[in-house]
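The values are calculated or read from the model by the stated rules, or taken from the named source; none is laboratory data. Note that the structure is predicted; figures quoted are calculated from it, not measured. All Cβ positions, even for glycine, are placed from backbone atoms using ideal geometry, and neighbour counts span all protein chains on display.
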Amino acid sequence: MKVPDLLDVVDGRRHVHEVRRDERHLAFLAERPMRPGHVIVVTRAPVDAVFDLSVEAHAALWTFVHGVANTMRERLPCERVCVSVIGWAVRHAHVHLVPTTAPGQVAGLDGPPLPAAEMLALAARLR
């Protein structure tokens, strides 16, 4: 199975429904949306993951995402735009924006609770 490649989209080798672009980013409708209006924002430069971006490029990405999300809220029937950055299956920095009108329309991130000792140890490692 071929690993999804966003460079095909950025370089115009794969057709998508573009909604916005600038010199560093491209926003397009997801081909398999979680909900109608689901947008993917991708960096035009081939960077593996969002947190591999420089501080300046990271800030520029989120500024672009902010503009796209606000347009979605203005023009689509949605109360909130949910954000997802997974960064595992597709090895190219990108952000998912999903318009929603009610809770539960995007899967949550809850797992089973951890034991208190494990939570303390993790918190200490991350301080």
Is it the case, given these coordinates, that residue 101 is in contact with an Asp or Glu (Cβ under 8 Å, 6 or more places away or on another chain), without any contact (Cβ under 8 Å) to a residue 40 or more places away in the chain and surrounded by 11 or more Cβ atoms within 10 Å (Cβ to Cβ)? yes
Looking only at segment 85-127, how many residues end up being in contact with a Cys (Cβ under 7 Å, 6 or more places away or on another chain) and β-branched (Val, Ile, Thr)? 4
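Yes/no per residue for (1) over 12 Å from the mean Cα position of the chain (by Cα); (2) of a type in the set (Asp, Glu); (3) modelled with pLDDT of 95 or more:
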| residue | (1), (2), (3) |
| --- | --- |
| 24 | yes, no, yes |
| 28 | no, no, yes |
| 32 | yes, no, no |
| 36 | yes, no, yes |
| 40 | no, no, yes |
| 43 | no, no, yes |
| 46 | yes, no, no |
| 54 | yes, no, yes |
| 67 | yes, no, yes |
Among the residues of segment 45-61, is any of a type in the set (Ser, Thr, Tyr) and within 17 Å of residue 89 (Cβ to Cβ)? no
Name the one entry in 30, 60, 89 that is touching a residue at least 40 places away in the same chain (Cβ under 8 Å) and surrounded by 12 or more Cβ atoms within 10 Å (Cβ to Cβ). 30
